[in-house]
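A quick write-up on the structure given underneath.
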Amino acid sequence: MRIHVPLLSVLSTVVLITAFLFGGDVTLYDLRVHAESTDTAVAISIHPTWLCWMDTHDLFRGGCYGNVMICDETLPTDVHKLRIVAHEARHLDQWEALGAWVWAAKYVLPLEPWFTDWSDPSVELAQMWDPPEEWENQWGFLRISIER
Ligand SMILES: [Zn+2]
């Protein structure tokens with residue numbers, strides 16, 4: 001049995017723990033589990049994503065690192081909060097699709113929107129790169145493989 005935890009997973013966990021220690025309200029946002037089997041091995045990929053609400057003291061309204069999104073709990077309305085979660089959740093998808101390549105990809109892919117409509121998240125989601133269905137994700141939080 002082989003357990004593979006990429007460096008990006010370790011760094012994301014540090015971000016998650018740090019946000020929690022600074023008073024963040026952390027909840028599991030999504031859990032993606034994927035299994036695949038070949039003639040010689042069985043592999044299971046586990047990719048949790050986390051939502052952390054915290055008072056960001058106006059430093060930022062939302063941010064995403066790896067599989068952790070941090071959203072400002074002091075946003076004035078539920079509409080604002082839904083919009084920022086939708087925005088950061090798209091970044092979660094981008095991180096899973098690109099892994100550490102996300103830092104380079106921001107120069108060639110529209111990872112961020114160029115216009116924000118606080119009342120309608122679909123406006124900016126249409127502008128942000130959405131990994132296509134056939135895209136092979138470059139990062140998974142944890143992978144367990146078992147030789148047959
Ligand atoms: Zn963004």
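The values are calculated or read from the model by the stated rules, or taken from the named source; none is laboratory data. Bear in mind the structure is a predicted one, so any value in this text is a computation, not a measurement. Methodologically, a virtual Cβ is constructed for each residue, glycine included, from the backbone with ideal geometry; neighbour enumeration extends over all protein chains shown.
Among the residues of the stretch 65-83, how many are buried (at least 21 other Cβ atoms within 10 Å of the Cβ) and hydrophobic (A, V, I, L, M, F, W, C)?
Our first condition is that a residue be buried (at least 21 other Cβ atoms within 10 Å of the Cβ); within the stretch 65-83, this holds for 66-71, 83.
Remaining after also requiring hydrophobic (A, V, I, L, M, F, W, C): 68-71.
So the count comes out to 4.
Given the options Thr40, Thr13, Thr27, name the one that is closer than 16 Å to Trp95 by Cβ, in contact with a strand residue (DSSP E or B) (Cβ under 9 Å, 6 or more places away or on another chain) and among the β-branched types (Val, Ile, Thr). Matching residue, one of Thr40, Thr13, Thr27: Thr13. In the set Leu16, Leu7, only one residue is loosely packed, with under 13 Cβ neighbours inside 10 Å and modelled with pLDDT of 95 or more; that residue is Leu7. Being at pLDDT 95 or above, away from the ligand (no atom under 11 Å from the Cβ) and out of contact with any strand residue (DSSP E or B) (no Cβ under 7 Å at 6 or more places or on another chain) is a description that applies to Trp135.
Filter the stretch 78-132 down to the residues that are among the polar types (S, T, N, Q) and away from the ligand (no atom under 13 Å from the Cβ) and list them by number. Walk me through it before giving the result.
Initially, the stretch 78-132 is screened for residues among the polar types (S, T, N, Q), giving 94, 116, 119, 122, 127.
Matches in the stretch 78-132: Ser119, Ser122.
Condition (residue is hydroxyl-bearing (Ser, Thr, Tyr), modelled with pLDDT under 95 and away from the ligand (no atom under 15 Å from the Cβ)) applied to the stretch 49-66: is it met by at least one residue? Looking for residues that are hydroxyl-bearing (Ser, Thr, Tyr), modelled with pLDDT under 95 and away from the ligand (no atom under 15 Å from the Cβ), one finds none in the stretch 49-66, hence no. Of the residues making up the stretch 84-127, those that are touching a helix residue (DSSP H, G or I) at 6+ places or on another chain (Cβ under 7 Å), buried (at least 17 other Cβ atoms within 10 Å of the Cβ) and charged (D, E, K, R) are Arg90, Glu124.
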